[in-house]
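The values are calculated or read from the model by the stated rules, or taken from the named source; none is laboratory data. Since the structure is predicted, the reported quantities are computational estimates derived from the model, not experimental observations. When we count neighbours, we look across all protein chains shown, and the Cβ atoms used for this are built from the backbone with ideal geometry, even at glycine. Heavy atoms of the whole protein, side chains included, go into the accessibility calculation; ligands, DNA and RNA do not. Shrake-Rupley method; radii C 1.70, N 1.55, O 1.52, S 1.80 Å.
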Amino acid sequence: MIFYIQTENKKHCFDFGALAEIGCRQMKWKYKYFQDVSEIPYNPQHIVVGSVEQTLKYWEGRVQAPAAIDLLDFKQFLGREVRLIKSSEFLQTQKTYPVFAKPYDVIKAFDGTQLMSEFDAHLVLQHLDVVLAVQPILDIVSEYRMYVSDGRILTLKFYGAGDPLMFPDKNMMMECFDFAVQFLPHRSFCLDFGVIVQNGWTKTVLIEPNDAWAIGNYGLEPYMYVNFLKSRWLQITQKQ
């Protein structure tokens, strides 16, 4: 098993790559740098730590990339309406702004974003043909990411802007965790929770679930992070 970490001129492209290197050193696992995955001989136990684009390029013709975890499977934890609509139809029919939109059926077609006006929408979506998950913009006061691997919670980490003392509701998070480990076949994944203000009250909602095969690190200990990545990566590649 070798971890291949994306760099440019031997400098890390991403902070999570640097943390993966530290984790490999802690675990005494082999690692190498790469700039383009075409440099890497394919092997199911060669683990790429880099961009989504580089990972998909490495898998192309060899491994079927997993579909994104369906947000609507977790609708009881969302606390908001999520509307699915083709991007072309959205551009023709949407009259009310701002809204939040992200790709629903294509991984990383673009980053989820706030569309503040019709001009914004055309700027982001005019050349895309994807299904969107359109949602109201949430008043988020804090966000936490739960890392889950092999049926247990590794840690919960504050990320993004907001107040780290506004902690999510434990009972709601545990209900979501219990559902996720029963429902998802994934050996590793994340659950992102937000504390939002709605009608003058705070409440905890699931922002989104995320697969573990190409995901950043918001504070997981490096040795835990590489184990977290390895668990999901080998589950994916050894199925092929």
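Taking the alpha carbon gyration tensor of the chain, multiplying each eigenvalue by 5 and rooting it gives semi-axes of 31, 23, 17 Å, largest first.
Helix 15-27 and the longest principal axis of the Cα set of the chain meet at an angle near 40°. Spatial offset of segment 13-40 relative to segment 69-88 amounts to 34 Å, using the alpha carbon center of each.
Express in % the proportion of alpha carbon pairs of segment 120-161 at distances exceeding 11 Å. Show your work: numbers first, answer last.
Values: 667 of 861 pairs.
Pairs farther apart than 11 Å: 77 percent.
Only the Cβ atoms of Lys and Arg (+1) and of Asp and Glu (-1) were treated as charged; on that basis the dipole of the chain about its Cα centre amounts to roughly 800 debye.
With the chain treated as a Gaussian network of Cα nodes joined by springs under 10 Å, which of 146, 173, 27 yields the largest mean-square fluctuation? Greatest mean-square fluctuation among the candidates belongs to 27. Here the accessible area is traced with a 1.4 Å probe on the protein chains. For the chain, carbon and sulfur cover 50 percent of it. Legend: distances between Cα atoms for 157/203; 32/157; 28/57; 57/239; pairs beyond 20 Å are 32/157; 28/57.
Out of all Cα-Cα pairs in segment 8-112, roughly what percent, to the nearest whole number, are more than 18 Å apart? Of all Cα-Cα distances in segment 8-112, 64 percent exceed 18 Å. Summarising the overall dimensions of segment 121-215 from its C-alpha atoms, the Rg and Dmax are 15.1, 42 angstrom.
For Cα pairs less than 8 Å apart in space and 6+ apart in sequence, what is the mean separation divided by the residue count of segment 59-118, i.e. the relative contact order in percent?
On the way: 40 pairs, mean separation 18.5, N = 60.
The value is 31 percent.
How much accessible area per residue does the chain have, in Å², with a 1.4 Å probe? Working shown, then result.
Details: 12480 Å² over 240 residues.
It amounts to 52 Å² per residue over the chain.
Looking only at 157, 170, 75, which one moves most when the chain is put into a Gaussian network model with springs between Cα atoms under 10 Å? With Cα springs under 10 Å in the chain, the top fluctuation among 157, 170, 75 is at 170. A cut-off of 5 Å between modelled amide H atoms, ignoring neighbours fewer than 5 places along the same chain, links residue 32 with 3, 4, 5. For the residues 119, 193, 14, a GNM of the chain with alpha-carbon springs under 10 Å puts the largest fluctuation on 119. Kirkwood Rh over Cα pairs of segment 49-182 into Stokes-Einstein at 37 °C, 0.692 mPa s: D in µm²/s? Value of D from the Cα-based Kirkwood radius: 190 µm²/s.
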